[in-house]
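Novice: What follows is a single structure, and I will ask about it in a moment.
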Amino acid sequence: MDTLALWTAAFTLGAYLVCGIPFGLIVAILMGHVDVRTVGSGNIGTTNVAREVGKAAAAVTLLCDAGKGLVWMLVARFAVAALALGGDVAALDHTTAFGTAMSVVFLGCICGHVFSPYLHFHGGKGIAVGFGAALGLYWPVALGLLAVFIVFVAPTRYVSAGSLAAAASLPFWCLFFGFPLVSVAPVTLAAVIVIWSHRENVRRLVHHEERAFSFHKSGEPTDALDGQARPGEGDNEAGEDVR
């Protein structure tokens, strides 16, 4: 195994461990004394936190989830460049082997969040962390994802619809911005994982049962979870839960 592959593997593992931190659960407990796994959709993402705890908790969750993806990708970029490429700035290009390495680290971020090692391999749905990680991967791709998300959410208020569309568009944005096919493969797998995590939201959308986004109002009781998520309460990390 060459040096670049070795450090890519190390930082991908780090991405899995760091991005597996369930900030939505932590924030909801600290700010609302609510275990979001037991209310609403049962998801630990931003949308369920917004519905069951409120705007402030949702904002903190969103920032933490996006932030962990962005921060780890930036750490990986500079560390891998220094450790495997001798600090060669010219090599920090998404069209090179370095770009492929960062695509693999990006996949690690998504896997950590969706299959959290701290929650028995359950987690969120990968939207916020994916946006943050995409900023660290190649920021124009992240802006493309955000544009798609807004186009689908603004007229419908279905966060799940925007999340699914954004995830599906990820490989195409990478191709558009010149990522080679070998680099697009890991991000395509990441997109598939995010879409898979929204499978219940897809079912609710098809049956017109998805719940439009709304914030929890002060004084409102939290929505107890009856065994499994009720129709329309998907959290898409959007599905809704933008987490």
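The values are calculated or read from the model by the stated rules, or taken from the named source; none is laboratory data. The structure presented is a predicted model; accordingly, all values stated were derived computationally and were not measured. Here the Cβ is made from the backbone with ideal geometry for all residues, glycine too, and neighbour counts use every protein chain on show.
Novice: What single numbered condition from (1) free of Cβ contacts under 8 Å to residues at least 40 places away in the same chain; (2) β-branched (Val, Ile, Thr); (3) under 22 Å from Leu135 (Cβ atoms) fails to hold for Val36?
Specialist: (3)
Novice: Among what's in the range 153-206 and is part of a helix (DSSP H, G or I) and aromatic (Phe, Trp, Tyr), pick the residue that is nearest to Tyr138 (Cα to Cα). Full working, then the answer.
Specialist: Filtering the range 153-206 for residues part of a helix (DSSP H, G or I) gives 153, 159-176, 181-197, 199-206.
Still in the running and aromatic (Phe, Trp, Tyr): 172-173, 176, 196.
Working: Phe172: 13, Trp173: 10, Phe176: 12, Trp196: 24 Å.
Here the answer is Trp173.
Novice: Inside the range 39-65, can you point out the residues that are hydrophobic (A, V, I, L, M, F, W, C) and either free of Cβ contacts under 8 Å to residues at least 24 places away in the same chain or under 17 Å from His122 (Cβ atoms) (or both)?
Specialist: Restricting attention to the range 39-65, the residues satisfying the condition of being hydrophobic (A, V, I, L, M, F, W, C) are 39, 44, 49-50, 53, 56-60, 62-64.
If the condition is that a residue be hydrophobic (A, V, I, L, M, F, W, C) and either free of Cβ contacts under 8 Å to residues at least 24 places away in the same chain or under 17 Å from His122 (Cβ atoms) (or both), then Val39, Ile44, Val49, Ala59, Leu63 are the ones that fit.
Novice: Spot the failing condition for Lys68; the list is (1) closer than 24 Å to Leu175 by Cα; (2) among the charged types (D, E, K, R); (3) buried (at least 21 other Cβ atoms within 10 Å of the Cβ), and only one is missed.
Specialist: Failed condition: (1).
Novice: Go through the residues of the range 84-104 one by one and say whether even a single one is within 30 Å of Ile26 (Cα to Cα) and among the β-branched types (Val, Ile, Thr).
Specialist: Yes; the residues of the range 84-104 include at least one that is within 30 Å of Ile26 (Cα to Cα) and among the β-branched types (Val, Ile, Thr).
Novice: If we scan the range 112-124, do we find a residue that is of a type in the set (A, V, I, L, M, F, W, C), in contact with a Pro (Cβ under 8 Å, 6 or more places away or on another chain) and in a loop (DSSP other than H, G, I, E, B)?
Specialist: yes
Novice: Here's a check for you: in the range 26-38, which residue that is assigned to a helix (DSSP H, G or I) and aliphatic (A, V, I, L, M) is surrounded by the fewest Cβ atoms within 10 Å (Cβ to Cβ)?
Specialist: Per the stated criteria, the residue is Leu30.
Novice: Against the definition (without any contact (Cβ under 8 Å) to a residue 12 or more places away in the chain, among the β-branched types (Val, Ile, Thr), surrounded by 15 or more Cβ atoms within 10 Å (Cβ to Cβ) and out of contact with any Leu (no Cβ under 8 Å at 6 or more places or on another chain)), how does Thr96 come out, yes or no?
Specialist: Yes, satisfied.
Novice: Could you please tell me which pairs satisfy a Cβ distance under 9 Å, a separation of 6+ or placement on different chains, a first residue in the range 133-152 that is surrounded by fewer than 23 Cβ atoms within 10 Å (Cβ to Cβ), and a second residue that is of a type in the set (D, E, K, R)?
Specialist: These pairs meet every condition: Gly136/Arg77.
Novice: All but one of (1) assigned to a helix (DSSP H, G or I); (2) hydroxyl-bearing (Ser, Thr, Tyr); (3) at pLDDT below 95 hold for Ser41; state the number of the condition that does not hold.
Specialist: Going through the list (1) assigned to a helix (DSSP H, G or I); (2) hydroxyl-bearing (Ser, Thr, Tyr); (3) at pLDDT below 95, Ser41 breaks only (1).
Novice: Could you check the range 112-125 and list, in sequence order, the residues that are modelled with pLDDT of 95 or more and crowded, with 22+ Cβ neighbours inside 10 Å?
Specialist: Answer for the range 112-125, where residues must be modelled with pLDDT of 95 or more and crowded, with 22+ Cβ neighbours inside 10 Å: Gly112, His113, Val114.
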